[in-house]
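Below: the structure, in structure tokens.
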2 protein chains.
Amino acid sequence: MEFPKENFSEWYNEVVEVAGLVDKRYPVKGMHIWRPYGWKIMQNIDNYFREIFSEYGHDEVNFPLLVPETEFKKEAEHIRGFEDEVFWVTHGGLNPLEVKLLLRPTSETAMYPMFSLWIRSHADLPLKIFQIVNIFRYETKQTRTFIRMREVHFFEAHTAHESYEDAERQIEEDIEIWKKIAEKLALPYRIVKKAEWDKFPGAIYSLGVETVMPSGRTLQIATFHQYGQNFSKPYGIEYLKENGEHEYVYQTTFGMSERLLGAIVGIHGDDRGLILPPEIAPIQVVIVPIVTKKKEEILKEAKKIKEELKEFRVHLDDRDNYTPGYKFYDWELRGVPLRLEIGPRDMEKKQVVLVRRDTREKIIVSREEYGEKIRELLGEIQKNLKEKAEAEMKGRIKRVGSIEEIKMNNAVSEVHWCGSEECGAKIEELTEKKIIGSPVHEKESGKCLICGKETDNFAYVAKPY
Amino acid sequence: MEFPKENFSEWYNEVVEVAGLVDKRYPVKGMHIWRPYGWKIMQNIDNYFREIFSEYGHDEVNFPLLVPETEFKKEAEHIRGFEDEVFWVTHGGLNPLEVKLLLRPTSETAMYPMFSLWIRSHADLPLKIFQIVNIFRYETKQTRTFIRMREVHFFEAHTAHESYEDAERQIEEDIEIWKKIAEKLALPYRIVKKAEWDKFPGAIYSLGVETVMPSGRTLQIATFHQYGQNFSKPYGIEYLKENGEHEYVYQTTFGMSERLLGAIVGIHGDDRGLILPPEIAPIQVVIVPIVTKKKEEILKEAKKIKEELKEFRVHLDDRDNYTPGYKFYDWELRGVPLRLEIGPRDMEKKQVVLVRRDTREKIIVSREEYGEKIRELLGEIQKNLKEKAEAEMKGRIKRVGSIEEIKMNNAVSEVHWCGSEECGAKIEELTEKKIIGSPVHEKESGKCLICGKETDNFAYVAKPY
């Protein structure tokens with residue numbers, strides 16, 4: 001089997017299955033089975049979320065999946081944003097339900113009726129909770145594993161604060177948390193402010209974390225939303241201030257999903273398959289015994305090695321009916337960061353052979369030093385993946401000055417844009433691409449591509465997933 | 001607030017909320033919010049499931065929630081068992097779906113179409129997988145937290161084997177796994193074979209793990225089902241034998257749910273609230289500083305203690321605005337197994353005060369030995385809870401010889417029963433109770449309570465939850 005990554009879309013659609021992440025043959029569109037290896041990676045990511053959000057004072061909760069239509073309809077913009085894309089439960093057994101229930105497309109409308117019961121006074125604030133659940137969207141567009149699904153493995157943090165400023169500080173904290181997550185997953189990104197017409201239904205503004213896939217298309221992998229009092233008013237989430245007055249709380253959310261795994265697959269992988277960042281790889285080191293002769297002795301030694309390397313996530317591939325060559329191929333496909341080979345000669349010399357998945361470099365190291373060497377190499381692989389991906393992404397974002405250039409550019413174009421909806425619509429129409437958003441941290445004077453007005457605002461223009 | 005456990009039902013319904021496990025005010029019947037403390041206990045249980053099932057060679061997967069009506073209807077008995085109690089998704093957005101989808105009430109019908117793709121030859125067997133997901137049942141009976149819900153946090157292991165004997169051995173292994181789980185949760189139980197009319201829809205036979213709540217009602221907390229080829233035939237799950245013939249696989253399942261937490265709450269708790277087995281308690285030791293004077297010094301020391309006791313799950317309650325007395329009350333309510341008090345006198349004497357939640361015994365121990373002492377006490381508490389619960393359960397099962405005695409007994413009656421459906425129906429009718437099943441490991445000759453036939457089979461008769 002060949003894995004040319006040139007045709008990215010084909011490569012991606014194939015690799016997620018052959019590397020054992022998912023099975024796409026489930027008989028409902030946009031819903032896949034997580035196979036053990038894929039699920040283990042996602043769980044490693046989830047567990048890191050639990051760790052980091054707990055450090056930042058968030059508590060984990062778990063809300064029901066079903067939301068009554070009556071609660072859902074309280075925030076008008078929100079419902080308009082979702083009404084075409086929710087699944088409706090209309091019957092229990094053979095009987096029609098009195099109040100229809102929907103499968104959460106996100107949990108604002110499930111959570112906020114409860115917030116109004118939980119929050120009484122300023123002493124209850126800030127409220128910082130998160131949950132890791134599946135959400136459901138009736139996507140009519142083409143679905144794609146991890147990227148556009150009808151059932152989505154989802155992370156959502158919800159916070160409530162005393163003031164708008166506190167909510168703003170929460171979003172700054174979210175960005176700080178995100179940076180740590182990006183290190184863990186070795187993912188490059190840019191943070192953008194979404195255009196007015198593209199923000200989350202009900203939000204005052206939305207920030208998107210965007211990465212660029214090898215296809216040149218952008219992928220939104222996290223979002224931060226400032227809700228202000230847009231939800232607290234319809235849901236009646238008030239608190240008693242120290243001065244005795246009542247005020248509605250200010251809210252934010254932070255969302256992520258299995259798209260993160262899609263980004264890891266797409267951005268780090270190569271012609272041989274996946275390359276997993278060591279920090280989240282279910283197997284960091286795979287031991288492949290080279291058992292041409294002295295089989296028993298070498299297997300025994302391999303087991304000893306596994307025992308010695310307990311501080312890492314190690315798997316010993318002692319399958320009897322496969323050649324070492326097949327095993328190399330198999331674990332490269334699955335993206336294991338380091339391979340450890342041990343054969344008769346290595347045993348004699350008290351050494352092992354290490355092979356890096358990212359550079360395919362071979363390193364011979366003595367048994368005395370190999371623990372330290374492996375720690376060092378895993379660190380290097382993690383760092384190398386991040387830097388390589390960052391450099392590649394940089395190469396996929398190009399500063400341009402004309403509509404024609406945007407059309408010709410098969411990745412992300414960066415252009416001056418005054419920020420108006422009118423000029424934005426024109427850019428999208430003329431280029432047949434989308435305004436992904438305005439990069440948050442770059443300012444530089446120039447003229448809007450359409451109206452010529454002086455502006456320091458940029459737009460990224462690209463085809464998003 | 002008082003917690004008389006005498007009125008068990010009231011006590012239970014209240015304690016699950018005031019101890020911070022769930023919030024029942026969600027506006028859909030039978031669906032509760034898991035609050036952080038309750039969710040953490042459930043996650044500790046889930047993570048133990050992951051550990052133990054992985055040790056026994058099971059892989060974790062995650063299947064979609066929605067099952068097409070067409071797949072669901074393949075096994076006739078199964079659908080009849082569930083058709084009155086499933087939620088139906090009929091619309092996506094504003095459009096009716098071509099094929100209706102149901103929310104899984106259990107995952108046989110989602111998984112087995114895939115099994116028929118995954119299993120090709122004897123080399124693929126045994127297949128042993130599990131998942132931890134939420135399931136949905138449109139319960140029409142009264143709902144009760146953890147015990148009878150419409151959304152249920154669920155564990156299900158599914159296996160496929162070459163022969164009926166292999167499937168039988170799997171069930172033996174399941175029982176072995178269950179025993180370890182019961183130790184971890186300190187739960188007493190009896191394993192029964194369910195009556196013919198009470199087995200899982202589609203199973204050849206079902207075993208139930210039953211415990212007895214303080215109310216005298218039984219609670220089924222785990223089940224093992226032998227499916228034989230009842231599902232593999234309609235779903236076409238065949239394998240190629242070594243001799244070249246094709247055969248349908250033999251299947252089993254092992255199910256558990258949040259009911260386990262209900263059992264822990266009900267069986268171990270007392271008038272002061274929860275008592276959690278140390279093995280799964282989110283907080284094993286809570287440090288309460290007694291800060292009548294020397295506040296700064298004592299808080300500093302308490303932090304040092306927390307650091308020193310890192311091998312345990314320790315929480316330091318350094319809340320400023322609560323008295324030690326309130327904190328004692330609060331953590332007793334939440335069932336923390338050990339309280340550690342440190343005050344000015346203890347600091348001087350280089351000692352701490354430990355208080356057991358189960359016996360309320362006070363132990364003064366020097367700082368030199370306290371790590372070891374805590375380890376020992378947590379072990380004792382775990383053991384004591386199990387033994388106490390086992391003794392209480394024994395007292396709730398009574399050997400009887402007449403219908404009148406069964407009616408008078410407000411817990412579990414054990415009677416000789418020939419096993420026939422006719423005599424069983426009569427027992428249920430005359431006593432207005434249910435046959436819970438036949439204890440698996442007890443045999444003793446006697447006469448059936450109804451027909452008088454010689455039999456070594458018993459029935460447990462009780463009111464089940």
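Here are a few things to note about the model shown:
- Per-residue extension of 0.36 nm, minus the Cα-Cα distance of A:Ser402 and A:Tyr205, leaves a gain of 68.1 nm for this segment.
- Loop-resident sites, the stretch A:187-268, for GluC sites (Glu not before Pro), counting at most 16 other Cβ within 10 Å (DSSP): A:Glu242, A:Glu245
- Placed amide H near A:Arg35: partners under 5 Å, 5+ positions off or other chain: A:Val22, A:Asp23
- Between B:Ser9 and A:Lys453, the distance separating the two model label sites (each 7 Å from Cα on the Cα→Cβ line) works out to 6.8 nm.
- Between B:Asn95 and B:Glu387, the simple label model (points 7 Å from Cα in the Cβ direction) yields a spacing of 6.6 nm.
- Normalised by the number of residues in the stretch A:8-268, the mean separation of alpha-carbon contacts (under 8 Å, six or more apart) gives a relative contact order of 20 percent.
- Shielding of B:22-34 by partner chains, average beta-carbon count, 10 Å: 5
- Gyration tensor verdict on the stretch B:18-114 (Cα atoms; rounded if a/c is under 1.5, prolate if a/b is larger than b/c, oblate otherwise): oblate
- Copy-to-copy label separations for A:Arg345, where each label sits 7 Å from Cα toward Cβ, in nm and ascending: 7.5
- Loop-located GluC sites (Glu not before Pro) in the stretch A:278-380 whose Cβ has at most 13 other Cβ within 10 Å (DSSP): A:Glu311, A:Glu361, A:Glu368, A:Glu369
- Of all beta bridges that DSSP places with both ends in the protein assembly as shown, some 85 percent have antiparallel geometry.
- Other residues whose C-beta falls under 13 angstrom from the C-beta of B:Glu380 contribute a net charge of +1, scoring Lys and Arg +1 and Asp and Glu -1.
- Chymotrypsin sites (Phe, Trp or Tyr not before Pro) restricted to the stretch B:302-365 and DSSP loop, no more than 14 other C-beta within 10 Å: B:Tyr322
- Of A:Val209, A:Ala462, A:Gly236, farthest towards positive along the dipole that unit charges on Lys, Arg, Asp, Glu beta carbons give chain A: A:Ala462
- Mean residue ellipticity at 222 nm, helices only, chain A: -10500 deg cm²/dmol; runs of at least 4 DSSP H residues each add -39,500 (n - 2.57), and the sum is divided by the number of residues.
- Each listed q (0.15, 0.22, 0.25 Å⁻¹) maps to a log10 I(q)/I(0) for the stretch A:397-462 from the Debye sum over equal C-alpha point scatterers, namely -0.36, -0.82, -1.08.
- Amide hydrogen proximity for B:Ala222: with H placed 1.01 Å from N in the peptide plane, the residues at 5 or more positions away or on another chain lying under 5 Å are B:Val209.
- A straight chain from A:Ala425 to A:Arg25 at 0.36 nm per residue would run longer than the Cα-Cα distance by 140.1 nm.
- Relative contact order (%) - criterion: Cα under 8 Å, at least six apart; region: the stretch B:398-462: 40 percent
- For chain A, the relative contact order comes to 14 percent (Cα pairs under 8 Å, sequence separation of at least 6).
- Between the stretch A:148-227 and the stretch B:188-232, the Cα center-to-center distance that results, in Å: 47 Å
- Shape category assigned to the protein assembly as shown from the gyration tensor of Cα positions, a/c cut at 1.5: rounded
- Between A:Ala76 and A:Glu55, the simple label model (points 7 Å from Cα in the Cβ direction) yields a spacing of 4.4 nm.
We did not get these values from a lab; they are worked out from the coordinates using the rules stated. Predicted model only: the values in this text are computed from it and were never measured. Backbone-built Cβ (ideal geometry, glycine too); neighbour counts: all protein chains shown.
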